[in-house]
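Encoded as structure tokens, the structure appears first; notes follow it.
The values are calculated or read from the model by the stated rules, or taken from the named source; none is laboratory data. Note that the coordinates shown come from a computational prediction; the quantities given were computed from them, not determined experimentally. Neighbour counts run over all protein chains shown; Cβ positions are idealised from the backbone, glycine included. Accessible surface areas use protein heavy atoms only, side chains included; no ligands, DNA or RNA. Shrake-Rupley method; radii C 1.70, N 1.55, O 1.52, S 1.80 Å.
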Amino acid sequence: MKLFVTGVAGQLGHDVMNELAARGMEGVGSDLAPAYSGIADGSAVTAMPYVSMDITDAEAVKKALLEVKPDAVIHCAAWTAVDLAEDEDKKEKVRLVNAVGTENIANVCKELDLKMMYISTDYVFDGQGTEPWQPDCKDYKPLNVYGETKLAGELAVSNALSKFFIVRIAWVFGKNGKNFIKTMLNVGKTHDTLRVVNDQIGTPTYTFDLARLLVDMIVTDKYGYYHATNEGGYISWYDFTKEIFRQAVELGHTEYAEERLHVLPVTTEEYGISKAARPFNSRLDKSKLVENGFTPLPTWQDALQRYLKELEF
């Protein structure tokens, strides 16, 4: 099976390509840059076939997919800078990438009869309440531009195709790119007190683990909507931060010890920096994975431990 993977300069696309290589499957990566521009870590993705493609250009998408002739597309490319997306001069760009770009890929997948997997987000919902969101819930009410454009991408896929997977994820971290863990480790070195929100609840997702699941899924015909994060329970960003520092200390990084570094829980309102409205409830119900025979991801605590050992910090 030959897979075409968009967004390989990002956290998830990088790990999906490496997962394909680990299984001896054929993967062709794609992104906007003329050559692979992700982390130069010597992993398989850095040497795998690569196609430069602008997903917002319908003709370019068609040309690339006709030349590559994949069996399926895993569409990881997206505008993910949530606050920047709120800037007036960015909104059209965000729409082009997340909505139009996704529609361009879906249309070609329909024409060529390819499977398509679209990576989405809990931000398509309003983030209220305490009940975990169900994958087949259609009660969409995004709070911000990022959520609106990711929902438009979902609808483009579901309207064009029957052979699709829409996989919503949350609180993503991986080796290749910026994420919450790297940010906390960096600011923790230079501050003695950190304020972290404790009223936004969800579960982290390690791209290394998620990549395995996505490849497990794409080789089946168990199409539809899914939610995928690591197991281990629902937590706040404050809880996550405390565990990041606790595990960092266990690995010998005493600069993150509680005696030196104080982490204070605050409400979203007290924190007050964000331009984009954030969901309070990012709980995702993942039971559909098991119902369809897929293996759940390891716990986020275990994922964090493996990830910190990978990081040089």
- Task: Can you confirm whether segment 69-78 contains a residue that is over 28 Å from ASN179 (Cα atoms) and without any contact (Cβ under 8 Å) to a residue 40 or more places away in the chain?
- Result: no
- Would you please name the residue that is least open to solvent (accessible area, probe 1.4 Å), looking only at residues in segment 100-137 that are assigned to a loop (DSSP other than H, G, I, E, B) and of a type in the set (Asp, Glu)? ASP126
- Note on the structure: Looking across segment 166-189 at residues that are of a type in the set (Lys, Arg) and farther than 17 Å from LEU304 by Cβ, the single one that is most open to solvent (accessible area, probe 1.4 Å) is LYS189
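Is it the case that segment 42-51 has a residue that's open to solvent by 60 Å² or more (accessible area, probe 1.4 Å), over 22 Å from VAL157 (Cβ atoms), hydrophobic (A, V, I, L, M, F, W, C) and under 18 Å from the mean Cα position of the chain (by Cα)?
no
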- So, first residue closer than 14 Å to ILE119 by Cβ and at pLDDT 95 or above in segment 203-224, second residue assigned to a helix (DSSP H, G or I) and acidic (Asp, Glu), Cβ within less than 7 Å, six or more apart or across chains; the pairs are THR207/ASP15; ALA211/ASP15; ALA211/GLU19; VAL215/GLU19
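For LYS163, state whether it is open to solvent by 10 Å² or more (accessible area, probe 1.4 Å) and not aliphatic (A, V, I, L, M). Show your work before the answer.
Values: open to solvent by 10 Å² or more (accessible area, probe 1.4 Å): yes; not aliphatic (A, V, I, L, M): yes.
Yes, satisfied.
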- Query: So which helices (runs of 4 or more DSSP H) are wholly in segment 233-304 and hold at least 3 residues that are in contact with a Gly (Cβ under 9 Å, 6 or more places away or on another chain) and modelled with pLDDT of 95 or more?
  - Reply: 237-250
- Item | Residue match in segment 142-160 (condition: among the hydroxyl-bearing types (Ser, Thr, Tyr), farther than 24 Å from PHE280 by Cβ and modelled with pLDDT of 95 or more) | yes
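Sort through VAL61, VAL82, VAL97 and tell me the only one that's of a type in the set (Val, Ile, Thr) and part of a loop (DSSP other than H, G, I, E, B).
Numbers: VAL61 fails: part of a loop (DSSP other than H, G, I, E, B); VAL97 fails: part of a loop (DSSP other than H, G, I, E, B).
That would be VAL82, the only listed residue that is of a type in the set (Val, Ile, Thr) and part of a loop (DSSP other than H, G, I, E, B).
Before we move on, is THR183 closer than 23 Å to TYR146 by Cβ and outside any strand (DSSP E or B)? Write out each step before concluding.
On the way: closer than 23 Å to TYR146 by Cβ: yes; outside any strand (DSSP E or B): yes.
Yes; evaluated as a whole, the condition is true for this residue.
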- Message: Condition (residue is touching a Phe, Trp or Tyr at 6+ places or on another chain (Cβ under 7 Å), at pLDDT 95 or above, among the small types (Gly, Ala, Ser) and closer than 30 Å to GLY233 by Cβ) applied to segment 84-100: is it met by at least one residue?
- Response: yes
- Looking only at segment 257-295, which residues are closer than 28 Å to LEU213 by Cβ, open to solvent by 50 Å² or more (accessible area, probe 1.4 Å) and of a type outside the set (Phe, Trp, Tyr)? ARG278, SER287, VAL290, GLU291, GLY293, THR295
- Message: Among the residues in segment 190-209, are any of a type outside the set (A, V, I, L, M, F, W, C), part of a helix (DSSP H, G or I) and buried (at least 17 other Cβ atoms within 10 Å of the Cβ)?
- Response: yes
